[in-house]
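Right, one structure below, let's go through it.
The values are calculated or read from the model by the stated rules, or taken from the named source; none is laboratory data. The structure presented is a predicted model; accordingly, all values stated were derived computationally and were not measured. Don't worry about glycine lacking a Cβ; one is built from the backbone with ideal geometry, like all the others, and counts go over all protein chains shown.
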Amino acid sequence: MSVLERNPPKCDLRLPYGSLPLQFGDLWLPKTLASNKQRWPLVVFIHGGWWKAQYDLGYAGFLCDAMRSQSVAVWSLEYRRVGEDGGGWPGTMHDVAAGFDHVAKLAQAYPLDLQRVIAAGHSAGGQLAFWLAGRHHVPHTSELAEPQPRIALKGLVGLAGAVDLRLTIDLGGFFAFSNGGSAVRSLMGGDPKQVPARYSAADPGLLLPLGVRQILVQGSYDDQIPAELPQRWAENARRQGDSVEVKIVPGADHFDVVDPESHAWPISRDAMLALLQG
């Protein structure tokens, strides 16, 4: 059974980061004790589902629980999605930004190490996670322009991530990936030629260099994100000075990379741990 079919474990706390119903996150805290000298590193995780209303953060519980067992805290974000009031451009990005910035308040109540924070995203969540690292490049005239985030990211992990919106459209036709192009247009309210300013503000590929280490984990049997996408991303990001690793997992599908019961999991887990410890 895939992570979509199993009942996920429960988080420690469900906490709001805003006043709207979908502006909340699940906080997963390790069982190991923390202290003033040894605080927990943190993964800010963003779930996928092509930014659509019918897919929520539930399936991410397996990954969060597995990382919690590695003495890593996880803040798994929910956000308004396409099909919900305020979802899509620009609300989806506003929510993820607010949820990430809320980490500063969380650290006042829980022993989180703000020097060891990474963002990780699965599928469509990859775009949102990588976008967080590029917010300082968002044009000041954009609706997404915000003050410099108070928390610096130590790294980024894309798990079968649609980390580049234009590539997601351009590589349509791979398996079921053609659905990704229409999903991007729904998120953004048009294609890059129709709403170029929106893409300039929300497409991580147009916000390079991100300035942090990146690891992209991709299954060779993924029927939604082709391996060419992370490879193309890496080439583009490296040309602009970023450090990027791509790890292709033979025989892994779209959800194996977030499933602790799959053979792909050790690679995904180790990617997150490497960035937190590096």
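What is the number of the single condition among (1) assigned to a loop (DSSP other than H, G, I, E, B); (2) touching a residue at least 24 places away in the same chain (Cβ under 8 Å); (3) not hydroxyl-bearing (Ser, Thr, Tyr) that PHE130 does not meet?
Of the numbered conditions (1) assigned to a loop (DSSP other than H, G, I, E, B); (2) touching a residue at least 24 places away in the same chain (Cβ under 8 Å); (3) not hydroxyl-bearing (Ser, Thr, Tyr), the odd one out for PHE130 is (1).
Quick one: which of ILE267, ILE248 is outside any loop (DSSP other than H, G, I, E, B), surrounded by fewer than 18 Cβ atoms within 10 Å (Cβ to Cβ) and either of a type in the set (D, E, K, R) or in contact with a strand residue (DSSP E or B) (Cβ under 8 Å, 6 or more places away or on another chain) (or both)?
When all the criteria are applied, what remains is ILE248.
Given (1) assigned to a helix (DSSP H, G or I); (2) closer than 26 Å to ARG269 by Cβ; (3) among the aromatic types (Phe, Trp, Tyr), where does TYR221 come up short, assuming only one miss?
It is condition (1) that TYR221 fails.
Please count how many residues of the stretch 46-92 are out of contact with any strand residue (DSSP E or B) (no Cβ under 8 Å at 6 or more places or on another chain) and part of a helix (DSSP H, G or I).
Total satisfying the criteria: 5.
Quick one: would you say VAL44 is over 22 Å from PRO16 (Cβ atoms), surrounded by 21 or more Cβ atoms within 10 Å (Cβ to Cβ) and aliphatic (A, V, I, L, M)? So that I can check it myself, show each step before the final result.
Working: over 22 Å from PRO16 (Cβ atoms): no; surrounded by 21 or more Cβ atoms within 10 Å (Cβ to Cβ): yes; aliphatic (A, V, I, L, M): yes.
For VAL44, the condition - over 22 Å from PRO16 (Cβ atoms), surrounded by 21 or more Cβ atoms within 10 Å (Cβ to Cβ) and aliphatic (A, V, I, L, M) - is not met.
So how many residues does the stretch 128-153 have that are surrounded by 16 or more Cβ atoms within 10 Å (Cβ to Cβ), at pLDDT 95 or above and touching a helix residue (DSSP H, G or I) at 6+ places or on another chain (Cβ under 6 Å)?
Of the residues in the stretch 128-153, 8 are surrounded by 16 or more Cβ atoms within 10 Å (Cβ to Cβ), at pLDDT 95 or above and touching a helix residue (DSSP H, G or I) at 6+ places or on another chain (Cβ under 6 Å).
What residue, of VAL44, VAL96, is within 11 Å of the chain's Cα centre (by Cα) and closer than 24 Å to VAL195 by Cβ?
After applying the criteria, what remains is VAL96.
Every residue, every condition in (1) aromatic (Phe, Trp, Tyr); (2) modelled with pLDDT under 95; (3) within 19 Å of GLN108 (Cβ to Cβ), yes or no:
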residue	(1), (2), (3)
ASP26	no, no, yes
PHE45	yes, no, no
LYS52	no, no, no
PHE62	yes, no, no
ASP65	no, no, no
GLU78	no, no, no
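Which one is surrounded by the most Cβ atoms within 10 Å (Cβ to Cβ), of the residues in the stretch 93-118 that are assigned to a helix (DSSP H, G or I) and β-branched (Val, Ile, Thr)? Let's see the steps before the verdict.
So the first thing to find is which residues in the stretch 93-118 are assigned to a helix (DSSP H, G or I), and the list is 93-101, 103-109.
When the remaining residues are screened for being β-branched (Val, Ile, Thr), the result is 96, 103.
Numbers: VAL96: 26, VAL103: 21.
Checking each candidate, the answer is VAL96.
Say whether the condition of being modelled with pLDDT of 90 or more, under 28 Å from LYS105 (Cα atoms) and in a loop (DSSP other than H, G, I, E, B) is met by at least one residue in the stretch 191-205. Walk me through it before giving the result.
Step one: of the stretch 191-205, the residues modelled with pLDDT of 90 or more are 191-205.
Next, only the ones that are under 28 Å from LYS105 (Cα atoms) stay: 201-204.
Checking the rest, the ones that are also in a loop (DSSP other than H, G, I, E, B) come to 203.
There is at least one residue in the stretch 191-205 that is modelled with pLDDT of 90 or more, under 28 Å from LYS105 (Cα atoms) and in a loop (DSSP other than H, G, I, E, B).
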